[in-house]
Each structure stands twice: as C-alpha cells, then as structure tokens.
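**Q** Following this message is one structure expressed as structure tokens.
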Amino acid sequence: MFPAVLAVCLGAFLATACAARPGSPSSVEIDAVLPAQASWTLFRLGGLRYARVPATAQAWADTGASADGSARSGMPPGIRWLAIPSPEGAFRPVQALSAARGYFYLLDGASSRLCLYDSAAGLISTFPLPERFTPFASGRAAVFRGADGTFVFADYAAGEAFLYSDREGVEGARAWMLRARTKMPVGWRDCTQPPGGEEIYCRSGGSALRFDGALNRIPAHAARPAGDPALTGASEAPSSRLFWDAATREWVLEGWSADKTPLFHFHPARRRLEPPASR
C-alpha cells in the first residue's frame, strides 16, 4: 500500500511542478510591451528574447486561457520568440524604452549603456550612461524619455531624479549635460511610462504619482491615452493608455489595436500580461 500512496503523491507533485513550469503561458514574465508600427513587441530581457504580435483583435483573440484551459493568460497563441542582437562586450538588458518610428532603446546593465535598435530590432548604436549611473544599479534606478529629447534618470535609492540632455561631443562621442536635479516624494518607485509619451507614472506606498517630462508633478487622475490615433493622426498604429488600479495599487498599461479594440493589460511592476477585463 505504501508504494501506491507514494506513487500518487509523486504524481501529484509532478503535475503541480509541470503546471507551474517557467515556460507555461500563464507563468511567462514580460519585462516590457512596446508598439512597433502595426504590431506590439513583447520583451523577455532575461532570456534576450523579443516577439512581435500584430496589433489586431484576431491576433490576440485566444489569450483568455492557457492551452489546457486551466488558467487565464495574456499571451497570444503561437507566439514566436526571437533573439535580441547583442552589442560587443558584456550585455545584460534590464529595461526597454520606446523611441521614435517604432525604434527602441535597451538599457544594458552589464556595460552601463543605452543601445538603440531600429523597428526591425537591428542594433544601430550604443553610448555610455552618465558617470553618476555607472555602474547602473538595476532595481534601484530606472531611465525614461523626458521632454525635448531629454532622458530622465530616476534614482530610487537616493530619492532624486535627474534630467539629462544627450549631445554629440568631440569626434562624434556622446556627451551628457545635466539640466535639472529634483528631490522626489518619499518612497517613490515602480515608475513606468506610456509608449511614445513623456509623462512618468509612479507610486509611493499605495498612492499614485504622475510627473510630466520636465519632472513637474501633475494630477494623477484623468490620464489621457498615449499614442491615440485621434491625437497622432497615425490611424494604422496601435495605441495605449495607463490607468491606476486602486485594488492592486499599481499602474496598468492597456494596449489597443488601431481601431481601439482593447487587446491586453500589462502590469509593469509585476511583469505580468493579462487579457483585458472585458474578455
């Protein structure tokens, strides 16, 4: 009898382990979701992988459940993960930032640099971070796009934010100029940014915080959609908005198709992708 009980227990353990394996659709962590022309790009930075999914309701139609129907998942079916091209030297991307024309930046924590990629994920250039953020303390700092082509460096540990402009220096080298340094609210962290936008959305404890691209504090409610086709005039482009979830006390990115069909909810603080609540 004992072997039979042991076999049952072992079988239950293996079933549980398999259901929670990292590769299962409901457990895959997504580090960022950014628009790229008529698609959404998903990033798994730890695995040096990205995937493109068309920004259409059809492509995201079956994200309501995992393959066996046991769990809700925001992962589109048949997703194909591709390798992120690596620059020379040590490379450990820790953050993805949206750029113009579907381009994007990857923040390389290993070599403390920003890497610019085109809309086809081809590497264009790299340049070092400001000296203050070298080496880069991932988890204690983050980088965002600021107003007028600037970059905002958030130092969560010090409770400060720095506004830098990026300029071409001697012999084509990149040079950083510090334009502003601001003390931020106590406990601020978990900041995120709408794709293509300049505003920065953070939290402090259970409260929502919002800043413009020049680090001025603005009301946290009534956030407008970013990249809305009605505002940009690009009707073929996907759009998104950030909203505050009072129940979980976090910012959530809602991604839409070009015709404003909600496709997914992305939780940056938890790196989780889910179907929109309407499904």
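**Q** Just give me the residues in segment 160-177 being open to solvent by less than 20 Å² (accessible area, probe 1.4 Å) and modelled with pLDDT under 95, in sequence order.
**A** Residue satisfying the conditions is SER165 alone.
**Q** Inside segment 221-263, can you point out the residues that are at pLDDT 80 or above, of a type in the set (Gly, Ala, Ser) and outside any loop (DSSP other than H, G, I, E, B)?
**A** If the condition is that a residue be at pLDDT 80 or above, of a type in the set (Gly, Ala, Ser) and outside any loop (DSSP other than H, G, I, E, B), then SER239, SER240, GLY255 are the ones that fit.
**Q** Starting from segment 136-149, keep only residues that are of a type in the set (Val, Ile, Thr), then list their pairs with residues that are in a loop (DSSP other than H, G, I, E, B) whose Cβ atoms are within a distance under 9 Å, requiring at least 6 positions of separation or different chains.
**A** Filtered contacts from segment 136-149: VAL143/LEU129; VAL143/PHE136.
**Q** Check whether at least one residue in segment 104-117 is part of a loop (DSSP other than H, G, I, E, B) and open to solvent by 20 Å² or more (accessible area, probe 1.4 Å), and report yes or no.
**A** yes
**Q** Still on this structure, please answer the following. Can you spot a residue in segment 54-74 that is modelled with pLDDT of 95 or more and not basic (Lys, Arg)?
**A** Taking every residue of segment 54-74 in turn, none turns out to be modelled with pLDDT of 95 or more and not basic (Lys, Arg).
**Q** In segment 120-134, which residues are open to solvent by 30 Å² or more (accessible area, probe 1.4 Å) and outside any strand (DSSP E or B)?
**A** Across segment 120-134, the qualifying residues are ALA120, GLU131, ARG132, THR134.
**Q** A further question follows. Taking segment 259-274, which residues are open to solvent by 20 Å² or more (accessible area, probe 1.4 Å) and either of a type in the set (Gly, Ala, Ser) or out of contact with any helix residue (DSSP H, G or I) (no Cβ under 9 Å at 6 or more places or on another chain) (or both)?
**A** The answer is THR261, PRO262, HIS265, PRO268, ALA269, ARG270, ARG271, ARG272, GLU274.
The values are calculated or read from the model by the stated rules, or taken from the named source; none is laboratory data. The shown structure was predicted, so the numbers you read here are calculated from the model rather than taken from an experiment. Using ideal geometry, Cβ is built from the backbone for each residue, glycine included, and neighbour counts are taken over all protein chains shown. Ligands, DNA and RNA are excluded from the accessible area calculation, which covers all protein heavy atoms including side chains. Shrake-Rupley method; radii C 1.70, N 1.55, O 1.52, S 1.80 Å.
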